[in-house]
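Working notes for the structure below.
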Amino acid sequence: MPSAQKLDTHHKALTLNLDQSKFGSFAEIGAGQEVARWFLFVGGASGTVAKTISAYDKEVSDDLYGAGSRYVSKQRLEAMLESEWTQLLTQLSKTRGPHTRFFSFVDTISARNFAGTNEPHGWVGLRFQTEVGGPANDILLHINMLDPSNVLEQEAIGTLGVNLIYSAFYELQTQESFLEGVAQDVVKERIEIDYIDVRGPAFETWDRRALLAYLASAGYAEAVFFPSKGAAVPPTEALYKKAVVLAPGYFSHVDAEHGQVHAQLLASGIQQLQSELRETQAVPAGFFCLTASSSGPNEPAPQIPDLIRRIDALLASGGDVLLFRQSALYHMTALVNRYTKAPVRFVSGLSQVIRTFEDLYGNLEGSRLEALGRLFAQNVRIYAHPMTAGDLREWLNSFSKTDWEWNETNGWVSAAQLRRAPPLGHLYAYVLADKFLVPMPVPPARSEDA
């Protein structure tokens, strides 16, 4: 057994090579054969490596794994896993099966091209046995690569792959210990993991939703996606080339009545954007937006069970959910603009609008001005939903915000009726006048009962 001390990539690969109970194959497409290279480089590879392959040519890849899917996709990854695993067992189960835990590592990567014009990302998978002759278990990851060059991306993939194999065999005690092992030395700064799926008896007690939430909470992903219908996918597949409406909030109330209010808020934003586009495009995609970070400087970050509780309530209301690592709206803009150049609209109540203007953004050199500049980049607007005067007053008092004034219509306040004392009031008035902030109308007055 390996020591409890954290090992670097070299010693992880060597530990696996010296463990005679494990044996497997490597199939890597698109970023060299950097994972297999580690096992060949550190010595003792005959104890681990049955085969390495890199089917770069598309016709060769189709012949091995079947045509009909994109080359960097979950479908291609699963086809690779199935093919490599079947071949490994067919060739070696009689001779090695009685004393070996088999594994197949596969990846299909779109590394940075020569012109630097693509979005480097990839799929990484592992099928393995936890016991000799036992059933197979699968781990599937979607990753985004952050290094500035192809060579560095290849290096990072090598580290991630060794981490994944090592963690699958030695660090499955908890979900957290497993992901920490996978992330060691490479995730956050060099690689982002924004999707994970696990299958098989080794994971029967694990909560897949908690795994996804932990990716954002631990800082391994900028955002993860929870669909109200169908299987989970990486954010890129939910956002790609779509007009998008984002409804940010804390969403602490999880009862059905509040769920209906939340659903109406998101629906109003989608309707507003569709009207703005004049039905020239497909129906915009709408998402509730939660954050895994603290809601204030003196507030603790939410715990995973609380995040899951709020996510489940939003999913039950029929809305899809994006869980972001950070809370500032400009971070959400940056993530969405990775995957679409179509219009992006936030829909939020006045409390969220006020918070956006009042925050100091001390982490940015340009403070509030830089934050708003980032927020409204690339065709971004905020649809400001009206708020009752009573709720607005209560919220402002709870946050000791006293410099805001307003007029009312039927007991409601719209963004156009809200005013802030100078100098911040001048900035608010500019954003409003230039239609970066779009007031939504107040509800009509209720007619008196006859």
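Please work out which one of (1) more than 23 Å from residue 272 (Cα to Cα); (2) out of contact with any helix residue (DSSP H, G or I) (no Cβ under 7 Å at 6 or more places or on another chain); (3) touching a residue at least 12 places away in the same chain (Cβ under 8 Å) is the condition residue 395 fails and give its number.
Unmet for residue 395, out of (1) more than 23 Å from residue 272 (Cα to Cα); (2) out of contact with any helix residue (DSSP H, G or I) (no Cβ under 7 Å at 6 or more places or on another chain); (3) touching a residue at least 12 places away in the same chain (Cβ under 8 Å): (2).
So which strands (runs of 3 or more DSSP E) are wholly in the stretch 115-204 and hold at least 2 residues that are touching a residue at least 24 places away in the same chain (Cβ under 8 Å) and under 23 Å from residue 97 (Cβ atoms)?
In the stretch 115-204, the matching strands (runs of 3 or more DSSP E) lie at 121-129, 136-145.
Pick from 252, 317, 295: which is touching a His at 6+ places or on another chain (Cβ under 6 Å) and either among the basic types (Lys, Arg) or open to solvent by 30 Å² or more (accessible area, probe 1.4 Å) (or both)?
Sole residue among the options that is touching a His at 6+ places or on another chain (Cβ under 6 Å) and either among the basic types (Lys, Arg) or open to solvent by 30 Å² or more (accessible area, probe 1.4 Å) (or both): 317.
Only one residue in 261, 233 is in contact with a His (Cβ under 9 Å, 6 or more places away or on another chain), at pLDDT 95 or above and open to solvent by 20 Å² or more (accessible area, probe 1.4 Å), so which one is that?
It is 233.
Being under 15 Å from residue 351 (Cα atoms), charged (D, E, K, R) and not in a strand (DSSP E or B) is the filter here; which residues of the stretch 396-450 pass it?
The answer is 401, 403.
For the stretch 1-29, enumerate the residues that are more than 25 Å from residue 132 (Cβ to Cβ) and surrounded by fewer than 20 Cβ atoms within 10 Å (Cβ to Cβ).
5, 6, 8, 10
What are the residues in the stretch 331-367 that are under 22 Å from residue 216 (Cα atoms), of a type outside the set (Ser, Thr, Tyr) and within 22 Å of the chain's Cα centre (by Cα), if any?
Scanning the stretch 331-367 gives 331, 332, 334, 335, 336, 337, 338, 344, 346.
Step by step: first the residues of the stretch 81-96, then only those that are open to solvent by 50 Å² or more (accessible area, probe 1.4 Å) and in contact (Cβ under 8 Å) with a residue 60 or more places away in the chain, then the one that is farthest from residue 197 (Cα to Cα). Which residue is that?
Among residues in the stretch 81-96 that are open to solvent by 50 Å² or more (accessible area, probe 1.4 Å) and in contact (Cβ under 8 Å) with a residue 60 or more places away in the chain, the one farthest from residue 197 (Cα to Cα) is 96.
Scanning for something of a type in the set (A, V, I, L, M), modelled with pLDDT of 95 or more and either closer than 28 Å to residue 369 by Cα or assigned to a loop (DSSP other than H, G, I, E, B) (or both), does the stretch 305-324 turn up at least one residue?
Scanning the stretch 305-324 turns up at least one residue that is of a type in the set (A, V, I, L, M), modelled with pLDDT of 95 or more and either closer than 28 Å to residue 369 by Cα or assigned to a loop (DSSP other than H, G, I, E, B) (or both).
Regarding residue 99, is this residue closer than 23 Å to residue 196 by Cα, out of contact with any Phe, Trp or Tyr (no Cβ under 8 Å at 6 or more places or on another chain) and open to solvent by 10 Å² or more (accessible area, probe 1.4 Å)?
The answer is no for residue 99.
Can you tell me which residues in the stretch 60-111 are of a type in the set (Gly, Ala, Ser) and either farther than 25 Å from residue 132 by Cβ or part of a helix (DSSP H, G or I) (or both)?
61, 66, 67, 68, 69, 73, 79, 83, 93, 97, 110, 111
Tally up the residues in the stretch 325-351 that are outside any helix (DSSP H, G or I) and surrounded by fewer than 18 Cβ atoms within 10 Å (Cβ to Cβ), please.
2
Could you check the stretch 74-111 and list, in sequence order, the residues that are among the charged types (D, E, K, R) and in contact with a strand residue (DSSP E or B) (Cβ under 7 Å, 6 or more places away or on another chain)?
74, 76, 84, 96, 101, 107
The values are calculated or read from the model by the stated rules, or taken from the named source; none is laboratory data. No experiment lies behind these values; they were computed from the predicted model shown. All Cβ positions, glycine included, derive from the backbone under ideal geometry; neighbour counts span all protein chains shown. Heavy atoms of the whole protein, side chains included, go into the accessibility calculation; ligands, DNA and RNA do not. Shrake-Rupley method; radii C 1.70, N 1.55, O 1.52, S 1.80 Å.
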